[in-house]
């Protein structure tokens, strides 16, 4: 049997593609993707011709394998997709989409062909306090203070073309348009390019605008696929961009910003800041209120003399040195906050929360979170579901209403009220009244003193263990159904109150605050604080 000779089609195809890429690396020949988008059906024709040749070369006929069928289908799908992307609006978006490499934004369109830059500069009179509006896309916008009665615009045109002669011709068609808008009295001074008029020609170019304005006034910038930067201005600023960075620095006024798929920074500003973003947001050194709405990216707010409100989804919020109240609405948001002078209210789930050094109170709604609060001067109140809550150094009251949440608290100066289920409650160094209701979890309580309002602990299907000072005077009633009641304090005896119940009643010394302990299907142990150390070591 003669061995079937393989087709030469595969080798010729790979050789041809390799030659095209090699020529492009030397700046010779057409763009590969343009060729692929237009001429990919030739591959089907070559495949068919190869099969015809194979048919006449081999007497036993020609068969088509499953691999070839799959390859043809993939070629049809990929070829059609490349054509649609290249000739449709999606192609432009892909070419201009910035990709971050080593901290630098690079656009795929910059990889195709050479680039040529051309710069122009123009000046326009601006005799009144007319608001300025800047419109741009696929390029940066930078705004800085200039002279009082003039607008100066420097435009940098970056054209991506195969040769310089075509680039010059295209650059000549790219024009700067600027002038007052409105009738008798201009409502704004508009600065833009004629990109929309050139859209049908499918030119590949960027326009970077550097604008110098009177230092005081209103400014609106609308950009896309390019960064926006302003500095040292005074007035109302409204800036928006996408797919690149936005920065406002060293300005005074009122600030509104929108940015999707790029970082936003607000540094050393006097005035209220309002941000809508889908990218990292940093606000630092703000003398005014800060409002941020953000998704899937971190928010960092530091050194703010004002109120802060943050809405965040599936990322993180970091706050430091805020002088007025803070509100955080989070879903799947990790929260870190410290050195807050005002009250904190937050909502989050499924992430870690760490809050320290708050001079006011904290309110929260959490679920499936791991929460730690330290050094809180005011009241703390939680609505909780399936969390792990850790509190230490609470100057005010502590209230927790929870389901399936473990609670640990120490050094609490104010009244404590905890209601939870299914998890343990551990309280240490409590100085005021305590009320705990739990089910299916242990309750451990250590009190430095007994407040006049006393201690009340009710539990079910879990143990109760209470540590008190040896010299304490109190009145106690402890009852356990289907469990034991034990005491380390001399003079307090347990009696049977029924076939399955044990009760301890009595006064120690001259009596005092009342302690009420109730347990179903669990034991009660009343111990001295001297035995607490030994108890901790035994664990």
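The values are calculated or read from the model by the stated rules, or taken from the named source; none is laboratory data. Being a predicted model, the structure only gives us computed values, none of them experimental. All Cβ positions, glycine included, derive from the backbone under ideal geometry; neighbour counts span all protein chains shown.
Annotations for the structure displayed:
- For the range 114-136, filtered to residues that are modelled with pLDDT under 95 and not in a strand (DSSP E or B), the residue that is surrounded by the fewest Cβ atoms within 10 Å (Cβ to Cβ) is 127.
- One residue stands out among those in the range 510-537 that are at pLDDT 75 or above and more than 21 Å from residue 497 (Cβ to Cβ): the one that is farthest from the chain's Cα centre (by Cα), which is 510.
- Boolean, residue 249 is over 15 Å from the mean Cα position of the chain (by Cα) and either crowded, with 23+ Cβ neighbours inside 10 Å or without any contact (Cβ under 8 Å) to a residue 24 or more places away in the chain (or both): yes
- Strands (runs of 3 or more DSSP E) fully within the range 142-250 counting 2 or more residues that are within 23 Å of residue 114 (Cα to Cα) and at pLDDT 95 or above: 150-161, 205-213
- Hits in the range 255-278 (condition: part of a loop (DSSP other than H, G, I, E, B) and on the phi > 0 side of the Ramachandran plot): 261, 271
- The one condition in (1) more than 28 Å from residue 481 (Cα to Cα); (2) without any contact (Cβ under 8 Å) to a residue 24 or more places away in the chain that residue 384 fails to fulfil: (2)
- Filtered residues of the range 466-481 (kept if free of Cβ contacts under 8 Å to residues at least 60 places away in the same chain and closer than 14 Å to residue 517 by Cα): 474, 475, 476, 477, 478, 479, 480, 481
- Subset of the range 485-509 that is without any contact (Cβ under 8 Å) to a residue 24 or more places away in the chain and outside any strand (DSSP E or B) - its residue that is nearest to the chain's Cα centre (by Cα): 500
Residue-wise test of (1) closer than 30 Å to residue 372 by Cβ; (2) touching a helix residue (DSSP H, G or I) at 6+ places or on another chain (Cβ under 6 Å); (3) in a loop (DSSP other than H, G, I, E, B).
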residue	(1), (2), (3)
408	yes, no, no
423	yes, no, yes
476	no, no, no
479	no, no, no
483	no, no, yes
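- In the range 187-204, the residue that is nearest to the chain's Cα centre (by Cα) out of those that are surrounded by 12 or more Cβ atoms within 10 Å (Cβ to Cβ) and farther than 16 Å from residue 135 by Cβ is 204.
- Within the range 445-482, the residues that satisfy the criterion of being farther than 14 Å from residue 527 by Cα and more than 50 Å from the chain's Cα centre (by Cα) are 475, 477, 479, 481, 482.
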